[in-house]
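Colleague: Please see the structure below; I have some questions.
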Amino acid sequence: MMANKWITFDCFGTLVDWRTGFATILRPLAGERTDALITAYHELERQLEQERPHRLYRDVLETGLARAAARIGLRLTGAQAEALSAGWDRQPVFADVEPALSNLRAAGWKLAVLTNCDVDLFDLTQGSFQQPFDLVVTAEQVKDYKPSLAHFLYFWRASGVKRRDWVHVACSWYHDIQPSREMDVRRIWVDRDRTGDDPTAATLRLEDVRALPEAVESVTTAKP
């Protein structure tokens, strides 16, 4: 019987290259202002995710893009404001991800995703991976967005995992490393963006996932 040991992942930014995907989707609309549009959207996304009542992520994408465009003086039609959700499956998986996932599965780990995304959008993303994840927890299911603990608590109950058998892996210090520290879970920070945030908040810091299987083996013998 397979041991009940789990690795949870943030998806976008950790496993999937959302920055490249967003740029590919938005460049036909924004041209030279694509980077400015993405920056404005990223700032507005956090605000929209904190509003109540809970917004579906598709609504966050469309409202956020429309407001970001207005902020930088770019006119978008209603259909153009749906560009991110319409092109969601165009976001590529990072090249270093599949070998790492394969090695982790071979070592007996179950793999889950905790994502600030809707069920239908993640279904599109799931198709970009070679194998489905064992468990997926979405913002739509928990009616909240990370850095809230809702995803983590839902996963903990659904999986029945013990903290000593759980490692969380993520790129976002704000959305994932901080809350997983609150949960007292071992956490590997994949600092792809070189943000300069406090590395001591994580059990271990990596710059990509090429050495993730070895890192997981290392941290599972360390105190969270």
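Colleague: How do the helices (runs of 4 or more DSSP H) wholly within segment 50-123 filter down when requiring 1 or more residues that are modelled with pLDDT of 95 or more and over 14 Å from PHE22 (Cβ atoms): which remain?
Modeller: Details: elements: 57-71, 83-86, 97-106.
It comes to 57-71, 97-106.
Colleague: Go through segment 17-44 residue by residue and tally those that are in contact with a helix residue (DSSP H, G or I) (Cβ under 7 Å, 6 or more places away or on another chain) and either over 20 Å from ARG58 (Cβ atoms) or among the hydrophobic types (A, V, I, L, M, F, W, C) (or both).
Modeller: Summing the residues that are in contact with a helix residue (DSSP H, G or I) (Cβ under 7 Å, 6 or more places away or on another chain) and either over 20 Å from ARG58 (Cβ atoms) or among the hydrophobic types (A, V, I, L, M, F, W, C) (or both) in segment 17-44 gives 12.
Colleague: If we keep just the residues of segment 161-171 that are of a type outside the set (D, E, K, R) and in a loop (DSSP other than H, G, I, E, B), which is farthest from PHE9 (Cα to Cα)?
Modeller: Applying the filter and picking the extreme gives VAL161.
Colleague: Which one of these is touching a Lys or Arg at 6+ places or on another chain (Cβ under 6 Å) and either of a type in the set (Gly, Ala, Ser) or farther than 24 Å from ASP96 by Cα (or both): ALA40, ALA30, ALA23, ALA36?
Modeller: ALA40
Colleague: Among GLN131, GLN47, GLN126, which is the only one that is at pLDDT 95 or above and outside the structural domain of LEU212 (by TED's automatic domain parsing)?
Modeller: GLN47
Colleague: May I pose another question? Inspect all residues belonging to segment 144-153 and state whether any of them is out of contact with any His (no Cβ under 6 Å at 6 or more places or on another chain), surrounded by 20 or more Cβ atoms within 10 Å (Cβ to Cβ), in a helix (DSSP H, G or I) and of a type outside the set (A, V, I, L, M).
Modeller: Narrowing segment 144-153 to residues out of contact with any His (no Cβ under 6 Å at 6 or more places or on another chain): 144-145, 148-153.
Still in the list and also surrounded by 20 or more Cβ atoms within 10 Å (Cβ to Cβ): 145, 151-152.
Subset that is in a helix (DSSP H, G or I): 151-152.
Subset that is of a type outside the set (A, V, I, L, M): 151-152.
So far as segment 144-153 goes, yes, one or more of its residues are out of contact with any His (no Cβ under 6 Å at 6 or more places or on another chain), surrounded by 20 or more Cβ atoms within 10 Å (Cβ to Cβ), in a helix (DSSP H, G or I) and of a type outside the set (A, V, I, L, M).
Colleague: Six or more apart or on different chains, Cβ atoms under 6 Å: show the pairs whose first residue is in segment 83-105 and within 22 Å of THR220 (Cα to Cα) and whose second is surrounded by fewer than 18 Cβ atoms within 10 Å (Cβ to Cβ).
Modeller: If the second residue must be surrounded by fewer than 18 Cβ atoms within 10 Å (Cβ to Cβ), the pairs left are ASP96/ASP208; ASP96/ARG210; GLU98/GLN130.
Colleague: Taking the condition in a helix (DSSP H, G or I), modelled with pLDDT of 95 or more and surrounded by fewer than 18 Cβ atoms within 10 Å (Cβ to Cβ), does ALA158 pass?
Modeller: yes
Colleague: Right, here's the next one. When segment 181-196 is examined, which residues are found to be over 16 Å from the mean Cα position of the chain (by Cα) and closer than 23 Å to ALA150 by Cα?
Modeller: Once the filter is applied, which keeps residues that are over 16 Å from the mean Cα position of the chain (by Cα) and closer than 23 Å to ALA150 by Cα, segment 181-196 yields ARG181, GLU182, MET183, ASP184, VAL185, ARG186.
Colleague: Looking for something touching a residue at least 12 places away in the same chain (Cβ under 8 Å), in a helix (DSSP H, G or I) and farther than 21 Å from ARG192 by Cβ - is there at least one such residue anywhere in segment 1-23?
Modeller: Within segment 1-23, not a single residue is touching a residue at least 12 places away in the same chain (Cβ under 8 Å), in a helix (DSSP H, G or I) and farther than 21 Å from ARG192 by Cβ.
Colleague: Given the criterion of a type in the set (A, V, I, L, M), surrounded by fewer than 14 Cβ atoms within 10 Å (Cβ to Cβ) and assigned by TED's automatic domain parsing to the domain that holds LYS143, identify the matching residue among ALA100, ALA106.
Modeller: ALA106
The values are calculated or read from the model by the stated rules, or taken from the named source; none is laboratory data. Here the structure is a predicted model, which is why all the values come from computation and not from measurement. We place every Cβ from the backbone using ideal geometry, glycine too, and count neighbours over all the protein chains shown.
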